[in-house]
1. For the structure I just gave you, tell me whether K174 is of a type outside the set (S, T, Y) and exposed (fewer than 13 other Cβ atoms within 10 Å of the Cβ).
2. Tell me whether region 30-41 contains one or more residues that are at pLDDT below 95 and touching a Leu at 6+ places or on another chain (Cβ under 8 Å).
3. Among (1) within 23 Å of A2 (Cα to Cα); (2) touching a residue at least 40 places away in the same chain (Cβ under 8 Å), where does S167 come up short?
4. Hey, among K109, K45, K37, K124, which residue is closer than 15 Å to G160 by Cα, surrounded by fewer than 16 Cβ atoms within 10 Å (Cβ to Cβ) and either free of Cβ contacts under 8 Å to residues at least 40 places away in the same chain or under 13 Å from the mean Cα position of the chain (by Cα) (or both)?
5. Tally time: how many residues in region 145-188 are in a loop (DSSP other than H, G, I, E, B) and in contact with a Gly (Cβ under 8 Å, 6 or more places away or on another chain)?
6. Suppose the filter is more than 16 Å from S125 (Cα to Cα) and part of a helix (DSSP H, G or I); does K27 pass it?
7. Report yes if M60 is surrounded by 15 or more Cβ atoms within 10 Å (Cβ to Cβ), out of contact with any His (no Cβ under 8 Å at 6 or more places or on another chain), without any contact (Cβ under 8 Å) to a residue 60 or more places away in the chain and closer than 30 Å to F139 by Cα, otherwise no.
8. Is it the case, given these coordinates, that A82 is within 26 Å of A29 (Cβ to Cβ), in contact with a Cys (Cβ under 9 Å, 6 or more places away or on another chain) and among the small types (G, A, S)?
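The values are calculated or read from the model by the stated rules, or taken from the named source; none is laboratory data. Predicted, not measured: the structure shown is a model, and the values here were computed from it. Positions of Cβ are backbone-derived with ideal geometry, glycine not excepted, and every protein chain shown enters the neighbour counts.
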Amino acid sequence: MAKKILFILGHPSQESFCKGLLDAYQKGAKSSNAICKSIIISDLKFNMNLSEGYKNREAMPLEEDIIQSQQLIKWAEHIVMAYPTWWGSMPALTKGFIDRVLLPGFAFKHHKGKNFPEKMMEGKSIRLLVTMDAPKWWFYLVYGAAQYKMLKQLVFGYVGFNPVKFSTFGAMRKSNENQRKTWLDKVEKLGKQMN
């Protein structure tokens, strides 16, 4: 049976290297007969500010683009998201998308008497393709890959994605055409393996 893969572009620009990474992965996945669908966050119309928090959901109804995004996430078996690292994390638009989409009742559910929520994304995997201007070794050695720990444990792992995998591309500022081609080839191979 063909694997269902959802691609999410978390870079505000469709001219970015992040889009190139998603295209490379999708090329590989399609060569392995995957069924592919996409979300381009910057094209969506939604309020990225979760102004009422999670307690008063009625005060902030879901926009049509958020409802459709949830349906695509529910449909997918594997998700591939690409975004740049800005100020040690993802762009505000991408974080706002996660805040608005991975809601209680959709991504996780609390049950009375239970300390931990029901993980409603179980059975799904995710790979994050992350670009940065910092050298890869600096990100891991000096920063301790703190961004990845947070996403793995407190966001995607919390709602049940398993495994949560990362591919890091940096330093972007100093990369040349050959280096970028090598990265794109590597990601296309990941797509063929649908990993």
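1. Yes.
2. The answer is no, given that none of the residues of region 30-41 is at pLDDT below 95 and touching a Leu at 6+ places or on another chain (Cβ under 8 Å).
3. (1)
4. Answer to the check: K109.
5. 1
6. It is true that K27 is more than 16 Å from S125 (Cα to Cα) and part of a helix (DSSP H, G or I).
7. no
8. yes
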